[in-house]
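The values are calculated or read from the model by the stated rules, or taken from the named source; none is laboratory data. Only a predicted model underlies this, so the values are computations on that prediction, with no experimental measurement involved. In this analysis, Cβ positions are derived from the backbone assuming ideal geometry, glycine residues included, and neighbour counts consider all displayed protein chains. Protein only, heavy atoms only, side chains kept; ligands, DNA and RNA dropped before computing areas. Shrake-Rupley method; radii C 1.70, N 1.55, O 1.52, S 1.80 Å.
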Amino acid sequence: MANPSILILAGDGIGPEVMSEVRKVIDWFGAKRKIKFNVSEDLVGGAAYDVHGVPLTDETMAKALSVDVVLLGAVGGPKYDKLDFSVKPERGLLRLRKEMELFSNLRPAQCFDALADFSSLKKDIVAGLDIMIVRELTGGVYFGEPRGIFPDNEGGRVGINTQRYTTEEIRRVARSAFELARRRGNKVCSMEKANVMESGILWREEVTWVHENEYPDVELSHMYADAGAMQLVRWPKQFDVIVTDNLFGDILSDTAAMLTGSLGMLPSASLGAPDKNGRPKALYEPVHGSAPDIAGTGKANPIACILSFAMALRYSFDLGDEAVRVEQAVESVLASGLRTADLMGPDGGKPVSTTEMGDAILKALDASL
Ligand code: IPM
Ligand code: MG
């Protein structure tokens, strides 16, 4: 692919800080591996609101649809808490997901050996953990209609959101989970609440349909999402790929992320349907948020965002070997004992800054040549 294009939307809070470190890694590939990317930058979230009065302009939306890959930092912050719901920073991100049709959100939870002690769970429960949560990202209660806050008949108000899933919405995300499982441990566990929700019954039936008709070679199990949450902290290594809806996936992926010790470590990929060249529309972002409490202090961990770029190398640019190169560079830096503030144990030590961590990863990349 000649000069693939990347749109960087650094967003709010620590977004711009971690994204500068990713930028260095992208430039490293141009300089040292002759893999050049056409990089452009634009605003999203509160940063876009401050300039344009909306969290995502139509122009930025159009750009996002025209590039190969969008890299996003984070959106939101207390400064924007009082804004009208329709222009909150999060709406910018949700618009990107919806209009790019990014229905499959891959959230790996991998425990780095060097960090197994940082988990709130016992080391033997999480050491070597490698699971993948596939979260449906463009449907369910996040987008279902009707929605809103309305007057009720007793002089009060009623808040309404609608959990809604169609056959095709469920089948396409199930396929993406089964495809991934085939390249991993060949197991999928589907989570819903079929015991109390009709949409959960449909979810279970359609996932089962895709399994029986298209992926009978993959092992499929089902779990109620509450039991799944419990099993995730009881014995997470029983899972390989978990597929679940938008809201359960939001919650379960934060739980899974924390098993690994730090939210600052986890990347994600959001993929759409393949285009005519067989490439899915794609947006990559760290799982962590904008962390306004530490924004601007140099404390942010850039690793999740750098690993999100590694996922882009793998899933959008067919550069799996280069993705491994980045992942191994991160691993070797962690193994050497370097830590950002979020990874400091109770015994202390001196944390490195966001840029020092980025520089160390560049050095490790140099060493890999
Ligand atoms: C996530 C976040 C988002 C979500 C917010 C920022 C809209 O929590 O990506 O998990 O709820 O999907
Ligand atoms: Mg979330």
Please identify the pairs in which a residue from the range 78-103 that is touching a residue at least 24 places away in the same chain (Cβ under 8 Å) has its Cβ atom under 7 Å from the Cβ atom of a residue that is among the polar types (S, T, N, Q), counting only partners at least 6 apart or on another chain. R97/T138; R97/S270; K98/T138; E101/T138; L102/T138; L102/S270; F103/T138
Identify, by number, the condition in (1) surrounded by fewer than 17 Cβ atoms within 10 Å (Cβ to Cβ); (2) part of a helix (DSSP H, G or I); (3) of a type in the set (S, T, N, Q) that N3 doesn't meet. (2)
Would you mind stating whether A269 is open to solvent by less than 10 Å² (accessible area, probe 1.4 Å), in the same structural domain as G30 (by TED's automatic domain parsing) and under 30 Å from M61 (Cβ atoms)? no
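Table: residues versus (1) within 13 Å of ligand 1 (Cβ to nearest atom); (2) β-branched (V, I, T).
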site	(1), (2)
G249	yes, no
S253	yes, no
T260	no, yes
L266	yes, no
K276	no, no
G289	yes, no
I294	no, yes
A300	no, no
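With a cut-off of at least 3 residues that are over 23 Å from the mean Cα position of the chain (by Cα), name the helices (runs of 4 or more DSSP H) lying wholly within the range 286-369. Step through it out loud before you land on a result.
Numbers: elements: 303-315, 320-335, 354-367.
Qualifying helices (runs of 4 or more DSSP H): 354-367.
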Within the range 62-74, can you find the residues that are out of contact with any Cys (no Cβ under 7 Å at 6 or more places or on another chain) and closer than 27 Å to G296 by Cα? A64, V69, V70, L71, L72, A74
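In the range 260-286, how many residues are farther than 17 Å from T340 by Cα, of a type outside the set (G, A, S) and within 15 Å of ligand 2 (Cβ to nearest atom)? Steps first, answer last, please.
Going residue by residue through the range 260-286, those that are farther than 17 Å from T340 by Cα are 268-285.
Of the ones still in play, those that are also of a type outside the set (G, A, S) are 271, 274-277, 279-281, 283-285.
Filter once more, so that each one left must be within 15 Å of ligand 2 (Cβ to nearest atom): 283, 285.
Within the range 260-286, residues that are farther than 17 Å from T340 by Cα, of a type outside the set (G, A, S) and within 15 Å of ligand 2 (Cβ to nearest atom) number 2.
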Considering (1) in the same structural domain as V22 (by TED's automatic domain parsing); (2) open to solvent by 10 Å² or more (accessible area, probe 1.4 Å); (3) more than 16 Å from I26 (Cα to Cα); (4) not basic (K, R), say which one D321 fails and leave the rest. (3)
Would a scan of the range 44-57 turn up a residue that is farther than 24 Å from E101 by Cα and either of a type in the set (A, V, I, L, M, F, W, C) or modelled with pLDDT under 95 (or both)? yes
Looking at the structure I just gave you, is L115 assigned to a loop (DSSP other than H, G, I, E, B), in contact (Cβ under 8 Å) with a residue 40 or more places away in the chain and out of contact with any strand residue (DSSP E or B) (no Cβ under 8 Å at 6 or more places or on another chain)? no
